[in-house]
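Enquirer: There's a structure below that I have some questions on.
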Amino acid sequence: MDKKNLIIKKALKLFAERGTEATSIQQITDYCGISKGAFYLHFKSKDELIISLIEQFSKQIIYDIDQSVINHANSKDVLYVFYKTSLQSLEKNISFTKIFVKEQNHTFNNQLLNIISKFERLMKKNIYDLLNQVYGTKIEKNKYDLTYCMYGLITIYSKLFLVYKIPVDFEKLAHSLVEMTDILAHHVKNPYLNFDIDEFMNTKFEVDISSKQLTYLIEEALDSMKSNKGREIEEESLQLLHKHLKGEQTLANAIIKGLYENIRQQQEYKELSYLLRIYFNF
């Protein structure tokens, strides 16, 4: 494990146990068995480390949900999958989640506030798209209220295990939340939000990525595959996408979608597959 990841892993444990304010850089370096100089090679301050942790956490949640929903896109259970994955991902990354919730409520760091705000908007945008997929025009009048309700249900019910430490049956809870959502979707007669309060439809900039950036990420993935045998299909898929992005070869959309599907199946490339989907607008 490289030193940067070591610092992140050890700091996460200390922050979860003691809180971010009560944990000093000295305590982090002592726990890691490194010098302060080694710490400052990777992070300029404790705030920068916290920002890195929050950013890593928020991306992990988004990628987990995106992959699960895409895998069940044509299933009637897609809402159930969304709720279950969202809550399980928060519970799986509970140390991250606790830091996220605390910093969300107490931070005055503008960079961190922007990351948290970006995460919330992306979550709401994903919920909004999911609701349109499931209910279509049936929720035209209450789609924004319903988006807020779904986001609120996840936030409130996650407190069962985050705050009250109550064991949760995620399957049962997800089914219950789907039932609540269905009732709201079909029976709310007087919705309150009749405008796009968070500009749900204008959040592409939040995950905007250039062909140059995507090319670089593909090159990194290809380098990692050199020592990983049995990934010939994924490697060839990335090579073809790389050539397409650099303008060396033009591929039809159907072929690009097929190459993307080859990458999407692999857990270790879920960040890359998410960004490919955003870039090519699948």
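Values quoted throughout were computed directly from the atomic coordinates according to the rules given, and no laboratory measurement underlies them. Small disclaimer: the values here were computed from a predicted structure and weren't measured. So basically every Cβ, Gly included, is an ideal-geometry build from the backbone, and we count neighbours across all protein chains shown.
Enquirer: Jot down the radius of gyration and Dmax of segment 49-204, Cα atoms only, both in angstrom.
Expert: That works out to 15.5, 47 Å for Rg and Dmax.
Enquirer: Taking R0 as 30 Å, what FRET efficiency do you get between Gln239 and Ala38 from their Cβ-Cβ distance, rounded to the nearest 0.05? Spell out each step's value before the answer.
Expert: Numbers: r = 37 Å, r/R0 = 1.23.
After rounding, the FRET efficiency stands at 0.25.
Enquirer: Starting from the Cα gyration tensor of the chain, take the square roots of the eigenvalues, sort them a ≥ b ≥ c, and report rounded, prolate or oblate (rounded when a/c is under 1.5, otherwise prolate if a/b is larger than b/c, else oblate). Each step should come with its number before you reach the end.
Expert: Working: a/c = 1.84, a/b = 1.08, b/c = 1.70.
Oblate, because a/c is 1.5 or more while a/b does not exceed b/c.
Enquirer: Using θ = phi - 60° and the Karplus form 6.51 cos²θ - 1.76 cosθ + 1.60, what ³J(HN,Hα) does each residue of segment 261-268 get, whole Hz, x for Gly and Pro?
Expert: Couplings: 4, 4, 6, 4, 6, 9, 4, 6 Hz.
Enquirer: Label-point separation (nm) for Glu232 and Leu251, each offset 7 Å from Cα along Cα-to-Cβ?
Expert: So the label points at Glu232 and Leu251 sit 1.8 nm apart.
Enquirer: If you keep only loop residues by DSSP, which trypsin sites (Lys or Arg not before Pro) in segment 1-72 have at most 12 other Cβ atoms within 10 Å of their Cβ?
Expert: On the way: sites: Lys3, Lys4, Lys9, Lys10, Lys13, Arg18, Lys36, Lys44, Lys46, Lys59; in loops: Lys44.
Listed in order of number, the matching sites are Lys44.
Enquirer: Which value, in Å³ per residue, describes the convex hull spanned by the Cα atoms of segment 3-43? Display every interim value, and only then the final one.
Expert: On the way: hull volume 2.2 nm³, N = 41.
Residue-normalised Cα hull volume stands at 55 Å³.
Enquirer: Still on this model: Compute the Cα gyration tensor for segment 211-280, then decide on rounded, prolate or oblate, letting a ≥ b ≥ c be the square roots of its eigenvalues: rounded whenever a/c is under 1.5, prolate when a/b is larger than b/c in the other cases, and oblate in all that remain. Please list the in-between numbers first.
Expert: Values: a/c = 1.41, a/b = 1.33, b/c = 1.06.
Cα axes put segment 211-280 in the rounded bin.
Enquirer: Rounded if a/c is under 1.5, else prolate if a/b is larger than b/c, else oblate: which is segment 123-282, with a ≥ b ≥ c the root eigenvalues of its Cα gyration tensor?
Expert: On the way: a/c = 2.73, a/b = 1.79, b/c = 1.53.
Cα axes put segment 123-282 in the prolate bin.
Enquirer: I've got another one for you. Using Cβ contacts closer than 10 Å as the measure, can you line up Tyr260, Tyr40 from fewest to most?
Expert: Values: Tyr260 18, Tyr40 13.
Ascending Cβ contact count within 10 Å gives the list Tyr40, Tyr260.
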